[in-house]
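Asks: The structure follows.
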Amino acid sequence: MLAGVSDPESGMIGAAARLDEAGMIAEAAVSLLARDGCAEGGPSQDGTVADHAARQDAARSGSVRSGSARRRCFRAQDVRLRGLLAMLRGDERVQMFARAELGSVLDAERREDRELLSQFLACGGNKSLLAQRIHLSRPALYGRLARLERRLGVSLDDPASRTSLHVALLIAEVEGC
């Protein structure tokens, strides 16, 4: 089982309001773990969650000698921007933003473009690193990125464009697009 945890609240009404927040945090954590895959952070047979940071914390404290630590609770600080986007899930304005930024990359037949964009952003816009990771020559990669830029109508060299596109991809993940 996975849980979202919000800040403590002394009153009953405040505590009830925090339940929604905790639910959103848990939802964002599930999205985050699904993106990272079962090997690093997916649910196990017992419903707990493997987490790289939890394994590191456990190793430092000496509480786990072998195997992976399992993380069951997540706070807002753990889910960060993904948590905010989970709270805004279903908001038409947020969905319109993602559609405007990503355009045809959201279409099923453009899955390859979406994956290339995602990989490019995961590499921080470093084309050499991306070419290495996806085992593609740099000239071939530059051609694919140029086509992607034309489809998106933005420069991938622009940091503001990369930020907007990254947020739009996160929205699409949270929304299940």
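The values are calculated or read from the model by the stated rules, or taken from the named source; none is laboratory data. Keep in mind that what you see is a predicted model, and the values were worked out from it rather than measured. Here Cβ is always computed from backbone atoms with ideal geometry, including for glycine, and neighbour counts include all displayed protein chains. Ligands, DNA and RNA are stripped out before the accessible areas are found, and what is left, the full protein with its side chains, is counted by its heavy atoms. Shrake-Rupley method; radii C 1.70, N 1.55, O 1.52, S 1.80 Å.
Asks: Given the structure, is Arg75 within 24 Å of Ala28 (Cβ to Cβ), out of contact with any Leu (no Cβ under 7 Å at 6 or more places or on another chain) and at pLDDT below 95? So that I can check it myself, show each step before the final result.
Replies: Values: within 24 Å of Ala28 (Cβ to Cβ): yes; out of contact with any Leu (no Cβ under 7 Å at 6 or more places or on another chain): yes; at pLDDT below 95: yes.
Here the answer is yes, as Arg75 does meet what is asked.
Asks: If you check Arg162 against the conditions, is it part of a helix (DSSP H, G or I), among the charged types (D, E, K, R) and open to solvent by less than 80 Å² (accessible area, probe 1.4 Å)?
Replies: Answer is yes for this residue.
Asks: In segment 100-126, what residues are in a helix (DSSP H, G or I), surrounded by 14 or more Cβ atoms within 10 Å (Cβ to Cβ) and over 15 Å from the mean Cα position of the chain (by Cα)?
Replies: Glu101, Leu102, Gly103, Val105, Leu106, Arg110, Asp113, Leu116
Asks: Can you tell me which residue in segment 133-148 is farthest from the chain's Cα centre (by Cα), limited to those that are more than 21 Å from Ser104 (Cβ to Cβ) and surrounded by fewer than 15 Cβ atoms within 10 Å (Cβ to Cβ)?
Replies: Per the stated criteria, the residue is Pro139.
Asks: Kindly provide the set of residues from segment 132-153 that are free of Cβ contacts under 8 Å to residues at least 12 places away in the same chain, in a helix (DSSP H, G or I) and farther than 21 Å from Gly103 by Cβ, ordered by number.
Replies: Gln132, Arg138, Pro139, Ala140
Asks: Name the pairs: first residue in segment 119-131 and modelled with pLDDT of 95 or more, second residue surrounded by 14 or more Cβ atoms within 10 Å (Cβ to Cβ) and among the acidic types (Asp, Glu), Cβ to Cβ under 6 Å, at least 6 apart or on different chains?
Replies: none
Asks: Out of segment 100-118, which residues are free of Cβ contacts under 8 Å to residues at least 12 places away in the same chain and among the charged types (D, E, K, R)?
Replies: Within segment 100-118, Asp107, Glu109, Arg111, Glu112, Glu115 meet the criteria.
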